[in-house]
Ligand SMILES: Nc1nc2c(ncn2[C@@H]2O[C@H](COP(=O)(O)OP(=O)(O)OP(=O)(O)O)[C@@H](O)[C@H]2O)c(=O)[nH]1
Ligand SMILES: [Mg+2]
């Protein structure tokens, strides 16, 4: 049975977690990275895989409630198993099918191997085990890694990277077939969290850092803090932002945007904030302020008004000159005389590879195709296959 | 302590002075950096609007050759919003109760914005 990571972008990158592999989430202590492993588990639970979650420092009840916090009702799945090392550790009887005393190496080994035989995926909190059972426990963990190699199961480790001795870090690195780092970033002024693939031995890829947000319920969402929606006066930028967003606001006065449109969208594992700009030239200083640090641009044009295309080009140049990915929404396709996308490309002298999508923002037609197209460009830049030369962007 | 925790401490301290109901540190280009706002408020949109408000006021004032405004104050019968620069990269914005003493608030805000500037540059 195929097992996937369940994490946006990561799934496209690594495709699956093949049998016999160990994937480690390598987590900065300041980040709630455990959610990654929980999301991997729940995604596969929903796909009918048999999954197990080893817990040591939290009771089984707390584990279930943590899953619930993200909207993951694990308790309703027959294929969900908790491996309870907690109860024996605090001196209580366990009522889980799988349990062991963490201080008894042989007992833990026996149970773990049984679980590996019976499950497609086993999540193990390795750093908690090292904390409780001491450095020598890595030998035991190493045995599970060896044991799983020829089994039809996978191990997912969570390793919270406190300053452990180098020996332990190296041990985890050597025994992991894939490592996904989950950390905090302070990139210019964006304070946030990111993840990225550091290593994966079944694919030849390099990844960049992917920002993420935790959503409750929901889990890990790839986070795109700013997509700019710009274009000439009256092109339909505000209409577009409202059409795609779950919640949105505009500062429009007398029918035109005087400050900005702001919209938020949760879509295909992404959490996206859209910033719509005013279109009229007298507001260009505002465009300069809020146009900074955008990750991508949607240029909205009124397809019935080719006379506005030079202005559209100029706006694009003022925000996209750092090689930002952009797509063009050829809006108002519902009106007679609207130019088809290829005509718009010709009249604007745009390169062949720039996506131009036919849209009718008032009717909500084509608007998600625009988002899909931009996400395609954005995620294509987040990772590269080392077999192909890196694109020059 | 992480940068985020330090920034959040500055906001907590602001709140403890009383009369400040909510506060946020926002990048000049409108992204939320840290906030102490009830979850019913759309904080991301509030951040974007605050940056636009201050940015527009700065542009308007410097167009007139009057230099940079120290702050922007918006007042209504149910409260005030005060936005002030906090270094080149960020700004600080607070929401107060209607009775809040503006002089006192500005004093606290001035101190806090210096701290933010030290952290974010
Ligand atoms: N027929 C048609 N009308 C549209 C479409 N999209 C927007 N409009 C109309 O075009 C006008 C301008 O739309 P807005 O969304 O305010 O345009 P904008 O680009 O935000 O304008 P500014 O902010 O003033 O630059 C409104 O009357 C909309 O109803 C569309 O797809 N088809
Ligand atoms: Mg508008």
In this structure, the FRET efficiency calculated for residue A:47 and residue A:268 from their beta-carbon separation, with R0 = 22 Å, to the nearest 0.05, is 0.80
Measuring from the longest principal axis of the C-alpha atoms of chain A, the long axis of helix A:166-175 (C-alpha) lies at a number of degrees, nearest 10, equal to 80 degrees
Here the residues of region A:15-30 lying in the modelled label zone of residue A:169, meaning backbone nitrogen under 18 Å from a point 7 Å along Cα-to-Cβ, are A:24-30
Two pseudo-spin positions, 7 Å from Cα along C-beta at residue B:42 and at residue A:362, lie apart in nanometres by 2.3 nm
Rounded to the nearest 10, the angle in degrees between the Cα long axis of helix A:105-118 and the longest principal axis of the Cα atoms of chain A comes to 50 degrees
Rounded to a whole number, the mean other protein chain Cβ count within 10 angstrom for residues of B:46-53 is 5
Nearest-0.05 FRET efficiency for residue B:104 and residue A:258 at R0 = 25 Å, using Cβ-Cβ distance, is 0.15
Each label sits 7 Å from Cα toward the beta-carbon; between residue B:12 and residue A:92 the label points are separated, in nm, by 2.9 nm
With the convex hull built on the alpha-carbon atoms of the protein assembly as shown, volume per residue in Å³ sits at 179 Å³
The FRET efficiency for residue A:354 and residue A:12, from their Cβ-Cβ distance with R0 = 22 Å and rounded to 0.05, is 0.50
Helix A:367-380 sits off the longest principal axis of the Cα atoms of chain A, rounded to the nearest 10 on a 0 to 90 degree scale, by 60 degrees
Residues of region A:314-345 with backbone N under 17 Å of the label point set 7 Å from the Cα of residue A:304 along Cα→Cβ are A:330-341, A:344
Rounded to whole angstrom, the alpha-carbon centroid of region A:271-314 lies from that of region A:206-260 at a distance of 12 Å
Taking 0.36 nm per residue of separation between residue A:65 and residue A:78 and subtracting their Cα-Cα distance, the length gained on full extension comes to 3.0 nm
Ranked from fewest to most other Cβ atoms within 10 Å of their own Cβ, B:76, A:127 fall in the order B:76, A:127
For region B:1-85 the mean separation of alpha carbon contacts under 8 Å (6+ apart) over residue count, i.e. relative contact order in percent, is 17 percent
Going fewest to most other Cβ atoms within 10 Å around each Cβ, A:133, A:140 line up as A:140, A:133
Check: C-alpha center region B:87-121 vs C-alpha center region A:364-383, spacing in Å is 39 Å
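Readers should treat all values here as calculations from the given coordinates under stated rules, not as data from a laboratory. These numbers come from a predicted model, not from an experiment. FYI the Cβ positions are ideal-geometry reconstructions off the backbone, even for glycines, and counts take in every protein chain you see.
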